[in-house]
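This report concerns only the one structure given below.
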Amino acid sequence: MKLESIKLYHVAMPLVSPFETSFGVTIKRECILVSIQSEGLTGWGECAVDRDPGYSYETTGTAWHILKDFIGPMLLGEYVSDATDFQQRVAGIRGHNLAKAGVEMALWDLLGKRQSKSLRELLGGLRPRVEVGVSVGLQDSPEALVEKVGTYLAAGYGRIKIKIKPGRDVSEAEAVRKAYPTIKLQVDANSAYSLETASVLKPLDDLNLLLIEQPLFEDDIWDHRLFQKQLRTPICLDESIISARHARYAIEMEACRIINIKPGRVAGISQAVEIHNLCQKAGLPVWCGGMLETGIGRASNLAVASLPGFCLPGDISASDRYYKRDVTYENFKLNPGSTIDVPTGPGLGVQVDETAVREFAFSEVIAD
Ligand code: OSB
Ligand code: MG
């Protein structure tokens, strides 16, 4: 398909409540939306970058630069056949996975629209709806956290993840476990500990957690191996897994027993599928992570999470957990049983509200 024009929108969208992790607080979530025009169709994608380099070295600023000055000019006017073709073209750009993934998502949306197939069908996803949970940010006190978790349980979420950081870890998790003895519970440290400082986390082993997500440095698969040996609870890697190779390293080193797959972090949906297939072969459970996506990225994550190896609830919550107003007309709702429906329309299966995109955008670039 010929890529005739590429538009970039740097948007900032107010969250319904601030989201705090070990690396900072997000009040307005920024990202870059990509739209690609091709042969009468428009495909949309989302680069799940943040304003600050806290989760990843990438930011809205770096992604803008990579998209505008490298990926855009490489693709404009070109005939790009699919995600594999795209990945070959951008292979010379080192890193910048979140930037690449936004473009790949838009290409999948176009491919689906051309073939009148949903992304789930294109990927071979099986489930019409996927099991989901909610990721709860750091709160002011363990009591406030227990209360916040209670509101999400009342809303119907069947799996809770709490964010932890040094000084706000075991007491938080213990308080939640004590208040809700039987819920599916997991914690996420976002790389806040070293192998030495992580020893304070050992009491978590007695709380019957589903997993402990990314306790140690993002570039340290080896120390995760050493820490996993000291725990019964499975370690789940997020930040450390930036490619299928890294997934293989982690599996071979026994650095984790579960992997969180985020298409953005691994440079695109095609790479996410590769990691899913690798983990399935190795017998490692995977689940779909989230990055506070808009309706565009949420639709994509739901399709990815419909693949058979995704056997733990994803960080894909209902639209109203994140935004009062979204950039898609579709509003994702939580079903009884803590599931969300996978879109069935062509491509991502969402209709973008371009007025909302323009209202949230503070810069816009059109290359044609
Ligand atoms: O580590 O999983 C993470 C949000 C932004 C960046 C990193 C993470 C998260 C979340 C939120 O935990 C998950 C969601 O989108 O609901
Ligand atoms: Mg995480």
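None of the figures in this text is laboratory data; all of them are computed from the coordinates on show. Quantities reported herein were computed from a predicted structural model and do not represent experimental measurements. All Cβ positions, even for glycine, are placed from backbone atoms using ideal geometry, and neighbour counts span all protein chains on display.
Tabulated values for the structure
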| item | result |
| --- | --- |
| Computed E for Trp222/Ala91 - FRET, C-beta separation, R0 25 angstrom, nearest 0.05 | 0.40 |
| Approximate spin-label separation Ser171-Ser5, in nm, with each point projected 7 Å along Cα-to-Cβ | 5.7 |
| Inter-site label distance for Cys311 and Ser141 at 7 Å from Cα along Cβ, in nm | 4.2 |
| Förster-model FRET efficiency, 56 Å R0, Leu41 and Met253, C-beta, rounded to 0.05 | 0.80 |
| Estimated FRET transfer efficiency (His65, Thr182; beta-carbon r; R0 35 Å; 0.05) | 0.15 |
| Bridge type composition, segment 217-368 - antiparallel percent by DSSP, nearest 5 | 25 |
| Coordinate range along principal axes, alpha carbons of segment 67-220, Å, largest first | 58, 38, 24 |
| Radius, Kirkwood style, for segment 1-152 when every pair of distinct Cα atoms is counted (Å) | 17.4 |
| Two-decimal Rg/Rh across segment 152-251, once Rg and the Kirkwood Rh are taken from alpha-carbon atoms | 0.98 |
| Approximate spin-label separation Thr355-Asp82, in nm, with each point projected 7 Å along Cα-to-Cβ | 3.9 |
| Relative exposure of Leu195, Leu211, judged by other C-beta atoms within 10 Å (fewest first) | Leu195, Leu211 |
| Normalised convex hull volume, segment 175-311, alpha-carbon set, Å³ per residue | 115 |
| Among beta bridges that DSSP assigns inside the chain, antiparallel share in %, nearest 5 | 60 |
| Convex hull projection area averaged over all views, the chain, Cα basis, nm² | 16.1 |
| Relative contact order (percent, whole number), the chain, Cα cutoff 8 Å, 6+ residue spacing | 22 |
| Kirkwood hydrodynamic radius over Cα pairs of segment 223-268, then Stokes diffusion coefficient at 4 °C and 1.567 mPa s, in µm²/s | 121 |
| Ranking of Met1, Met253 by count of other Cβ atoms within 10 Å, fewest first | Met253, Met1 |
| Percent of C-alpha pairs per 10 Å bin, segment 247-329, short to long | 18, 49, 24, 8, 1 |
